Amino acid sequence: SDIQHLSDSKFKDLMLCFCGYAQCSSRHYFGPAARPNYLSHYILSGKGVYQVGEKRYELQAGQGFLIEPEVLTFYQADKDDPWTYCWIGFGGTRAEEYVRDIGLNSNHLIFQSENGKELKKIILNMMKLKEMNISNQYRLQSLLYDFFAVLRSFGIGWSTSTTRCAVTNLFRYTRHAG
């Protein structure tokens, strides 16, 4: 299990708190616990269980789950096929808005993405940045936005009318800017 912890971010609206990658052993678990920030896990292989209150989700490779701040949760790797996952912990003054932008909220904590390799690559690149100089802070921020963009581009909460509006506005901007 590898973990990168960060502190004193230059950015306030959305900021990376920590990230990591783990190959879990049989029945490895975390919780019940509450976190001070958002935490998103993406399952690369295997399966396990995620529980929030009375809701229990059986999850597998290609799926992910969101943990909201100050919400008591529990998750555990499967006995026979324990999961391998990567995760990011994040917060910020607009974090809740950004989470909603990718289609997640208290009633929709589970997501699916076919682009696990890209999500894993983003997190591994985050973990390579050990020194927290100003240049690496910008790199981490960019990677955090990349993570959100990859999730968003794979249809999590993606609405056709929103897409059409964004493309129309981009076309207008491009036409007037050039």
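The values are calculated or read from the model by the stated rules, or taken from the named source; none is laboratory data. In this text the structure is predicted, and so the values were computed from the model without any measurement. Note: ideal-geometry Cβ built from the backbone for every residue, glycine included; neighbour counts use all protein chains shown. For the accessible areas, the whole protein counts, side chains as well, though only heavy atoms, and no ligand, DNA or RNA atoms are used. Shrake-Rupley method; radii C 1.70, N 1.55, O 1.52, S 1.80 Å.
Per the conditions (1) touching a His at 6+ places or on another chain (Cβ under 6 Å); (2) assigned to a helix (DSSP H, G or I), the sole criterion not satisfied by L124 is (1). A single entry from N115, N107 fulfils the requirement of being open to solvent by 60 Å² or more (accessible area, probe 1.4 Å) and farther than 20 Å from F18 by Cβ: N107. Among the conditions (1) assigned to a loop (DSSP other than H, G, I, E, B); (2) loosely packed, with under 15 Cβ neighbours inside 10 Å, the only one that E58 does not satisfy is (1).
Just give me the residues in region 120-150 being β-branched (V, I, T) and farther than 21 Å from A61 by Cα, in sequence order.
As a first pass, look at region 120-150 and keep what is β-branched (V, I, T): 122-123, 134, 150.
The answer is I134, and nothing else.
Exactly one residue out of F65, F74, F30 is open to solvent by 70 Å² or more (accessible area, probe 1.4 Å), at negative phi and assigned to a strand (DSSP E or B): that is F30.
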